[in-house]
Amino acid sequence: MPSTRDIRRRIRSVKSTAQITKAMQMVAASKMRRAQLSALAGRPYATLMNKVLAEVTHHAGDFNHPLMEVRQGDRRAVVLISSDRGLCGGLNSNLMREAGKLDKDKTVFVCAGRKGSQFVARTKRKLAAEFTYKDTPLFAEARAISRFVQEMFRKGEVDHVDVIYTNFINTLTQKPERVPLLPLGEIRAVGAGVEGEDSSSELTKGAVEFLFEPDPANVLGALLPHYLNFQIYQFLLEAKASEHSARMVAMKSATDNAKQIIKDLTLEYNKLRQANITRELLEITTAQMAMGN
Amino acid sequence: MAETLKLEIVTPEETVYSEVVEMVTLPGIEGELGIYPHHVPLMTQIVAGELLVRKGNVETALAVGEGFAEITGTHVSILTDMAISSAEIDEAVAEEARRKAEARLEEKLSVEESAAVHASLAHSLAKLKVKRRHRN
């Protein structure tokens, strides 16, 4: 049976935990709003870019770009976009489960975010590079990652490049996803959180040939790397939005739990206090009765 | 009824413009392009500069950054890193940005930095050009 002092001490400690989780929830909530807005704002651009690219590669004729080359091998690089910090519910463990499905020997990891590289190190997988990105991802950070994987692909070190990230669906739902990035051989009209429109596929069926100005090599040469840079950037934005949303939800439930515990403990404390008082009264009256007789 | 084009201008931050228009003039990499409905399908890079839109009898000017334009007979899609209408351009701010960028060019810069500076210089020049021409 714990004493009233023990219970008081526990209540105090749970209270301070609740304060911290509450503060984290607030911080995550404000960051979440910003991250969500920028993730959603990037989607029209990504959709349009996907559409354009799908049409263009379809109509570029027999033009080939090194980034479009489809190779037979099965060596794979995976860009693993995770968060830097924990305390965000199942977000990272879901991501890692997705990453763990891949063949250990044929996959090298390129990590963005510390949790991902910790996972890679812990499970003794191959780590090719580690990148960091800030709370509001910068385009330059995305470009660095994109450059690196393009270089790996061009040199023939890997035959495929995939991205594992958390797709932001809404505040309560985030889904870890693995999407292929390279080769751009057959561009799927699906990108970061964006479903391709049906109208684009109708358009691609029509046998219109595109003119290119100055010429296909130049236009595609500029468009493809830009597409990849932007795609990675959008992935980073989605991952950030997911992270903050997940953290907010996790912290909210932690705060709620703490409040529940405080309530239960207070009840127990009061019961115990009352029992003590009753016992003391009993002792006094018994003593008095004994003296009176 | 006159033939029309669907014009969409999208930047990474937002969809800046999405309307049905009659004619678009855009700064292609090999010179200005005037696009009317039924244009041949064309894919081109665009450079920072002035983009003119004609809708009815109203002509609107926008400053755009580098990017890509996809043109078909019925629509024009523009992907760019900047797009701002002349009404929203603050001349003083743009002028300031231009001076800063020019000053930065004097310094020794890495490839990465100099690309960024050149881009911001091109952006501010495009803004100034649009603003000054459509002052009245």
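The values are calculated or read from the model by the stated rules, or taken from the named source; none is laboratory data. Nothing here was measured: the structure is a model prediction, and the numbers come from that model. All Cβ positions, glycine included, derive from the backbone under ideal geometry; neighbour counts span all protein chains shown. Only protein heavy atoms, including side chains, enter the accessible area calculation; ligands, DNA and RNA are left aside. Shrake-Rupley method; radii C 1.70, N 1.55, O 1.52, S 1.80 Å.
Quick notes
- Added length on full extension, which subtracts the Cα-Cα distance from 0.36 nm per residue, residue A:84 to residue A:267: 61.9 nm
- Mean residue ellipticity at 222 nm, helices only, chain A: -21500 deg cm²/dmol; runs of at least 4 DSSP H residues each add -39,500 (n - 2.57), and the sum is divided by the number of residues.
- The phi-based Karplus calculation (6.51 cos²θ - 1.76 cosθ + 1.60; θ = phi - 60°) puts the 3J(HN,Hα) values of region A:93-110 at 5, 5, 4, 5, 4, 4, 5, x, 6, 7, 4, 4, 7, 9, 10, 10, 9, 10 Hz, whole numbers, x for Gly and Pro.
- Sites excluded, GluC sites (Glu not before Pro) in DSSP loops with at most 16 other C-beta within 10 Å, longest stretch of chain A: A:70-156
- Reducing region A:136-163 and region B:1-54 to their Cα centroids gives an inter-centroid distance of 31 Å.
- Under 5 Å from the amide H of residue A:79 lie the amide H atoms of A:110, A:162, A:163, A:164, each residue being 5 or more positions distant or on a separate chain, with H modelled from the backbone and absent for Pro and chain starts.
- Computed FRET value (nearest 0.05) for residue B:57 with residue B:92, which takes r as the C-beta separation and R₀ as 35 Å: 0.65
- Acute angle (nearest 10 degrees) that the helix B:111-133 long axis makes with the longest principal axis of chain B, alpha-carbon atoms: 60 degrees
- Centre-to-centre separation between the Cα atoms of region B:82-136 and those of region A:238-293: 63 Å.
- Per residue convex hull volume, Cα atoms of region B:1-129, in Å³: 104 Å³
- Debye-formula intensities of chain A, expressed as log10 I(q)/I(0) at q = 0.07, 0.10, 0.11 Å⁻¹, are -0.40, -0.64, -0.73 (one equal scatterer per alpha-carbon, no solvent).
- Rounded to the nearest 10 degrees, the inclination of helix A:139-154 to the longest alpha-carbon principal axis of chain A is 50 degrees.
- Between residue A:134 and residue B:38, the modelled label-to-label distance comes to 5.2 nm, taking each label 7 Å out from Cα in the direction of the beta carbon.
- Range in chain B, longest, excluding exposed GluC sites (Glu not before Pro) [loop by DSSP; at most 12 other beta-carbon atoms within 10 Å]: B:31-106
- Distance between modelled label sites at residue A:97 and residue A:37, nm, 7 Å Cα→Cβ extension: 3.4 nm
- Convex hull of Cα atoms in region B:36-85, direction-averaged projection (nm²): 3.4 nm²
- Convex hull volume of region B:63-106 per residue (C-alpha atoms, cubic angstrom): 80 Å³
- Accessible surface of residue B:105 - all protein chains present, 1.4 Å probe, nearest 10 Å²: 60 Å²
- Loop-located trypsin sites (Lys or Arg not before Pro) across region B:24-119 with a Cβ neighbour count of 10 or fewer within 10 Å are B:108, with loop assigned by DSSP.
- Residue order by solvent-accessible surface for A:161, B:16, B:93 is B:93, B:16, A:161, largest first, with ligands and nucleic acids left out and a 1.4 Å probe.
- Between 0 and 90°, nearest 10: helix B:91-106 axis offset from chain B longest Cα axis: 50 degrees
- Residue A:74-residue B:4 pseudo-label distance in nm [points 7 Å out on the Cα-to-Cβ vector]: 5.4 nm
- Helix-only CD estimate at 222 nm, as mean residue ellipticity for chain B, using -39500 (n - 2.57) per DSSP H run (n ≥ 4): -10000 deg cm²/dmol
- Longest to shortest principal axis, alpha-carbon extents of region A:1-91, angstrom: 82, 34, 17
- Chains B and A together bury some 2200 Å² of accessible area, summed over both sides, with a 1.4 Å probe.
- Heavy-atom accessible surface of chain A, averaged per residue, reaches 52 Å², computed with a 1.4 Å probe.
- Longest site-free stretch - chain A; sites: trypsin sites (Lys or Arg not before Pro), DSSP loop, at most 10 other Cβ within 10 Å: A:156-293
- Chain A: antiparallel DSSP beta bridges as a percent of all, rounded to 5: 35 percent
- Calculated FRET efficiency for the pair residue A:5/residue A:256, C-beta based, R₀ 25 Å, to 0.05: 0.40
- What a 1.4 Å probe finds exposed on the protein assembly as shown is 54% carbon and sulfur by accessible area, rounded to a whole percent.
- Each residue of region A:237-245 was assigned a 3J(HN,Hα) from its phi angle through the Karplus expression (A = 6.51, B = -1.76, C = 1.60, θ = phi - 60°), giving 4, 4, 4, 5, 4, 5, 4, 5, 5 Hz with x at Gly and Pro.
- Distances between placed amide hydrogens fall under 5 Å for residue A:212 paired with B:43, all partners being 5 or more residues away or on another chain.
- From phi via Karplus (6.51, -1.76, 1.60), per-residue ³J(HN,Hα) for region B:18-25 in Hz, x at Gly/Pro: 8, 8, 8, 10, 9, 7, 10, 10
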